[in-house]
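Okay, structure first, notes after.
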Amino acid sequence: QVQLVESGGGLVQAGESLRLSCTASGIILSVVRVHWYCQVTGKQRDLIATKPIIGTTYYADSVKGRFTISEDNAKNTVWLQMNSLKPEDTAVYYCNAKKGGVDYWGNGTLVTVSS
């Protein structure tokens, strides 16, 4: 049984930082692509960053230079460091990974950035 659990969201002021985590069971995150998405209520879920298996990490233009993906293989966790947060970053953040052709999602963690 694959489970992804996000945590680390919260309420911060513009310019502050948060670090989100995506911790997995039933899947080894170091050997799959792991994606971070954000979703504003009523809007589609948008891809903002991807940890590759090898190669270059992808960042959406909206977060490039401010967000950074890293991983802790011992903890089977992928982090999303979010710096210089803006009110428009307010959203629920989800991690996603695929195993055996099946997409798995966590329940999300809410990030609220006040101006």
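The values are calculated or read from the model by the stated rules, or taken from the named source; none is laboratory data. On a predicted model such as this, the values are computed, not experimentally measured, just so you know. As a convention, Cβ positions derive from the backbone with ideal geometry for all residues, glycine included, and neighbour counts pool all protein chains shown. With ligands, DNA and RNA removed, areas are computed over all heavy atoms of the protein, side chains included. Shrake-Rupley method; radii C 1.70, N 1.55, O 1.52, S 1.80 Å.
Counting charges near Pro52 (Lys, Arg +1; Asp, Glu -1) among other residues having Cβ under 14 Å from its Cβ returns a value of +2. The residues neighbouring Arg33, those whose beta-carbon lies less than 15 Å from its own, together hold a net charge of +1 under the Lys/Arg +1, Asp/Glu -1 convention. Counting only residues at least eight positions apart within a chain, or on another chain, the lysines with an alpha carbon under 18 Å from that of Lys75 are Lys51. Beta bridges assigned by DSSP with both partners in the chain are antiparallel in approximately 90 percent of cases. At full extension, Ala14 and Ile28 could sit 1.6 nm farther apart than now, given 0.36 nm per residue minus the alpha carbon distance. Entry note, the chain: relative contact order of 36 percent, from Cα contacts under 8 Å with a spacing of 6+ residues. Ligands, DNA and RNA are left out, and with a 1.4 angstrom probe the accessible area of region 18-115 is 53 Å² per residue. Surface composition of the chain: carbon and sulfur atoms hold 49% of the protein heavy-atom accessible area at a 1.4 Å probe.
For the residues Gln13, Gln44, Gln81, a GNM of the chain with alpha-carbon springs under 10 Å puts the largest fluctuation on Gln44.
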